[in-house]
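> Pasting a structure here, questions to come.
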Amino acid sequence: KISLLSVARVAACLSSRHMAEDILADLMGSFLIVAPAVFGMIFAYWLFKKVAKISLFRQTREDDEALLRRMERADESGGEADSYQKLRQIYRDIQNGAKAFLAAEYRMCLMFLTVFGFGMIFFVARVEYGWDFKIGVLTAFSFVVGGITSMVAGYIGMMIAVFTNARCTMSATLTPEALAWKESFNSAFRGGAVMGFALSGLGLLVMYFLMCVYLSAFDVGSEAVKLFECIAGFGLGGSAIAMFGRVGGGIYTKAADVGADLAGKVVAGIPEDDPRNPATIADNVGDNVGDVAGMGSDLFGSFAEATCAALVVASNSPTLIASGGWSGLMFPVTISAGGILVCLLCSFMATNIMPVKHEADIETVLKVQLGLTTLVLTPVVYGLAAVFLPSSFDLARVNGVDVISFTPVKAWACVISGLWSGCLIGFITEYYTSHSYKPVREVAQ
């Protein structure tokens, strides 16, 4: 009896120890996902404040909006106009036009999300064993949340782009020339980084919160596939809104561009980008909506879709779930979280360590940035694979019969294959499309 009692106690202690280790691993995984996402959004706000310090008025430290109102009152009363008044007026016209266009487009997007989301409940609820409205409702909710998050990402991208454009112009007027190149590049780089870090952090945070909420509806051990198939609606919603932003903004800007050419250059003899032509403002509005807001939504959609697809694949591995648990399933999400931290640290290379001083430096700095982030992320992914993945796990082949045995090293090799392929594609595309290299120069000659 004493022997059996001792064995039972030892077994209970080991079980408690394993349970405590699993809980600790899950908490560590959650922290390594949430903390970089939050930190990325804080860093985006810090970059925004850095850009906002660039005044649209020379030799003054007053608040931009307050000074703008004072200058407008002075202009109305016949006072001396500020030399940069035209820049500020065009900036505000483009900003107001982009806001108006995006508001009209997003009203249509909200109606689309409502109607299509309601229909998705019934489309997805039909499963092989009958009707499962829990799956339908949760997938539709993920779709709507993904669409709204994509809209927020697009709006942030558009607003920071318009906000940065005028300040980049002001930075380019500085003297000496080396300072102008440095400050104008830094303002543009930081403005783009605001959109990148904000949408990455926001998307990661919302998606992980959604997964944690859905954990109460599914058992990870036996229903992991259902859980992540419901989460897949998040990526679909992001891509749907990206389509509206890219296509809607693209059609608008092309129509405005043609109108500016016909009414301005052909009929009135006004240069193409002259602000006296109203279609020029409309053209810039379309550029901001299609190329910036649409790009922000598109990047978010790509990030969400790729992550959701990887989660669905991972959920089809019973050995990964049994050995790695929740933290093992979250390996694809931790890659995005690690990428945020790597890009955050490497961003200082372009703005502080190796700043732009001449026009030729821009291309070099951006290439170094791309190569450095790829290089640094490679060992980071290996560390994440070693920590979060079990020593071995299996994934089913497409035929559903055979399986592929995986280890952390093999998973790492798959990730870095895509990572370095993307980097090489970027450099190859640069070679064939940049004016600095032979192919484009031959065409020009």
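> So residue 171 ticks every box in (1) within 25 Å of the chain's Cα centre (by Cα); (2) buried (at least 20 other Cβ atoms within 10 Å of the Cβ); (3) closer than 16 Å to residue 55 by Cβ but one. Which box is left unticked?
Tallying (1) within 25 Å of the chain's Cα centre (by Cα); (2) buried (at least 20 other Cβ atoms within 10 Å of the Cβ); (3) closer than 16 Å to residue 55 by Cβ, residue 171 fails exactly one: (1).
> OK, next. So for the stretch 193-211 (the condition being crowded, with 22+ Cβ neighbours inside 10 Å, over 24 Å from residue 335 (Cα atoms) and either touching a residue at least 12 places away in the same chain (Cβ under 8 Å) or not small (Gly, Ala, Ser) (or both)), does at least one residue qualify?
Checking the stretch 193-211: not a single residue is crowded, with 22+ Cβ neighbours inside 10 Å, over 24 Å from residue 335 (Cα atoms) and either touching a residue at least 12 places away in the same chain (Cβ under 8 Å) or not small (Gly, Ala, Ser) (or both).
> To continue, here is another question. Residues of the stretch 339-362 being out of contact with any Phe, Trp or Tyr (no Cβ under 9 Å at 6 or more places or on another chain), of a type outside the set (A, V, I, L, M) and in contact (Cβ under 8 Å) with a residue 12 or more places away in the chain, which ones?
Taking the stretch 339-362 first, the residues out of contact with any Phe, Trp or Tyr (no Cβ under 9 Å at 6 or more places or on another chain) are 339, 342, 345-346, 348-349, 352-354, 360.
Restricting the remaining residues to those that are of a type outside the set (A, V, I, L, M) gives 339, 346, 348, 352.
Listed by number, the residues that qualify are 339, 346.
> With the structure loaded, tell me whether residue 155 is touching a residue at least 24 places away in the same chain (Cβ under 8 Å), open to solvent by 20 Å² or more (accessible area, probe 1.4 Å), in a helix (DSSP H, G or I) and touching a Leu at 6+ places or on another chain (Cβ under 9 Å) or whether it fails that test.
Working: touching a residue at least 24 places away in the same chain (Cβ under 8 Å): yes; open to solvent by 20 Å² or more (accessible area, probe 1.4 Å): yes; in a helix (DSSP H, G or I): yes; touching a Leu at 6+ places or on another chain (Cβ under 9 Å): yes.
Here the answer is yes, as residue 155 does meet what is asked.
> Would you be able to say whether some residue in the stretch 363-370 is without any contact (Cβ under 8 Å) to a residue 12 or more places away in the chain and of a type in the set (A, V, I, L, M, F, W, C)? Walk me through it before giving the result.
Of all residues in the stretch 363-370, those without any contact (Cβ under 8 Å) to a residue 12 or more places away in the chain come to 364.
Right, trim to of a type in the set (A, V, I, L, M, F, W, C) and you get none.
No.
> In this structure, does residue 139 turn out to be in contact with a Gly (Cβ under 8 Å, 6 or more places away or on another chain) and at negative phi? Lay out the reasoning, then the answer.
Working: in contact with a Gly (Cβ under 8 Å, 6 or more places away or on another chain): yes; at negative phi: yes.
Yes, satisfied.
> Just for the stretch 42-57: of the residues that are among the aliphatic types (A, V, I, L, M) and open to solvent by less than 90 Å² (accessible area, probe 1.4 Å), which one is nearest to the chain's Cα centre (by Cα)? So that I can check it myself, show each step before the final result.
Residues of the stretch 42-57 that are among the aliphatic types (A, V, I, L, M), as a first pass: 42, 44, 47, 51-52, 54, 56.
The next check asks that each one be open to solvent by less than 90 Å² (accessible area, probe 1.4 Å); those that pass are 44, 47, 51-52, 54, 56.
Numbers: 44: 12, 47: 16, 51: 19, 52: 21, 54: 25, 56: 28 Å.
Across the stretch 42-57, the extreme among qualifying residues is 44.
> What is the number of the single condition among (1) at positive phi; (2) surrounded by 15 or more Cβ atoms within 10 Å (Cβ to Cβ) that residue 269 does not meet?
Of (1) at positive phi; (2) surrounded by 15 or more Cβ atoms within 10 Å (Cβ to Cβ), only one is false for residue 269: (2).
> Something else about it: Tell me, which helices (runs of 4 or more DSSP H) wholly within the stretch 172-291 include 2 or more residues that are of a type in the set (Asp, Glu) and closer than 30 Å to residue 320 by Cα? Let's see the steps before the verdict.
Details: elements: 177-214, 220-259, 278-287.
The qualifying helices (runs of 4 or more DSSP H) are 220-259.
> While we're here: Which members of the stretch 36-89 meet the condition of being at pLDDT 85 or above, assigned to a helix (DSSP H, G or I) and of a type in the set (A, V, I, L, M)?
Within the stretch 36-89, 37, 38, 41, 42, 44, 47, 51, 52 meet the criteria.
> Criterion first (open to solvent by less than 60 Å² (accessible area, probe 1.4 Å) and assigned to a helix (DSSP H, G or I)) does residue 439 satisfy it?
Working: open to solvent by less than 60 Å² (accessible area, probe 1.4 Å): yes; assigned to a helix (DSSP H, G or I): yes.
Yes: the conditions hold for residue 439.
> Looking only at residues in the stretch 98-119 that are more than 10 Å from residue 140 (Cβ to Cβ) and among the small types (Gly, Ala, Ser), which one is least open to solvent (accessible area, probe 1.4 Å)?
That would be 98.
> Need the failing condition index for residue 356 against (1) more than 26 Å from the chain's Cα centre (by Cα); (2) more than 27 Å from residue 303 (Cβ to Cβ), just the number.
Failing condition for residue 356: (1).
> Within 30 Å of residue 394 (Cα to Cα), in contact (Cβ under 8 Å) with a residue 24 or more places away in the chain, more than 22 Å from the chain's Cα centre (by Cα) and open to solvent by less than 60 Å² (accessible area, probe 1.4 Å), is that true of residue 336? Give the derivation first.
Values: within 30 Å of residue 394 (Cα to Cα): yes; in contact (Cβ under 8 Å) with a residue 24 or more places away in the chain: yes; more than 22 Å from the chain's Cα centre (by Cα): no; open to solvent by less than 60 Å² (accessible area, probe 1.4 Å): yes.
Taking the combined requirement at face value, the residue does not satisfy it.
> Further question: Name every residue in the stretch 282-309 that is hydrophobic (A, V, I, L, M, F, W, C) and surrounded by fewer than 19 Cβ atoms within 10 Å (Cβ to Cβ), in order of residue number.
If we filter the stretch 282-309 for residues that are hydrophobic (A, V, I, L, M, F, W, C), which is where we start, we get 282, 285, 289, 292-293, 295, 299-300, 303-304, 306, 308-309.
Matches in the stretch 282-309: 306, 309.
> Given the conditions (1) under 28 Å from the mean Cα position of the chain (by Cα); (2) in a helix (DSSP H, G or I), and given that residue 321 satisfies all but one, which numbered condition is not satisfied?
(1)
> Continuing with this model, one more query. Identify, please: which residue in the stretch 120-134 is among the aliphatic types (A, V, I, L, M), within 18 Å of residue 223 (Cα to Cα) and part of a helix (DSSP H, G or I) and is, among those, least open to solvent (accessible area, probe 1.4 Å)?
Taking the stretch 120-134 first, the residues among the aliphatic types (A, V, I, L, M) are 120-121, 124-125, 127.
Cutting the leftovers down to within 18 Å of residue 223 (Cα to Cα) gives us 124-125, 127.
Still in the running and part of a helix (DSSP H, G or I): 124-125.
Details: 124: 45, 125: 0 Å².
It comes out as 125.
> Kindly provide the set of residues from the stretch 368-385 that are closer than 20 Å to residue 327 by Cβ and either open to solvent by less than 20 Å² (accessible area, probe 1.4 Å) or aromatic (Phe, Trp, Tyr) (or both), ordered by number.
Matches in the stretch 368-385: 381, 382, 385.
> Taking residue 137 as the residue in question, decide whether it is surrounded by fewer than 21 Cβ atoms within 10 Å (Cβ to Cβ) and either in a helix (DSSP H, G or I) or of a type outside the set (Gly, Ala, Ser) (or both).
Working: surrounded by fewer than 21 Cβ atoms within 10 Å (Cβ to Cβ): yes; either in a helix (DSSP H, G or I) or of a type outside the set (Gly, Ala, Ser) (or both): yes.
The answer is yes for residue 137.
The values are calculated or read from the model by the stated rules, or taken from the named source; none is laboratory data. Note that this is a predicted model, so its numbers are computed, not measured. Methodologically, a virtual Cβ is constructed for each residue, glycine included, from the backbone with ideal geometry; neighbour enumeration extends over all protein chains shown. For the accessible areas, the whole protein counts, side chains as well, though only heavy atoms, and no ligand, DNA or RNA atoms are used. Shrake-Rupley method; radii C 1.70, N 1.55, O 1.52, S 1.80 Å.
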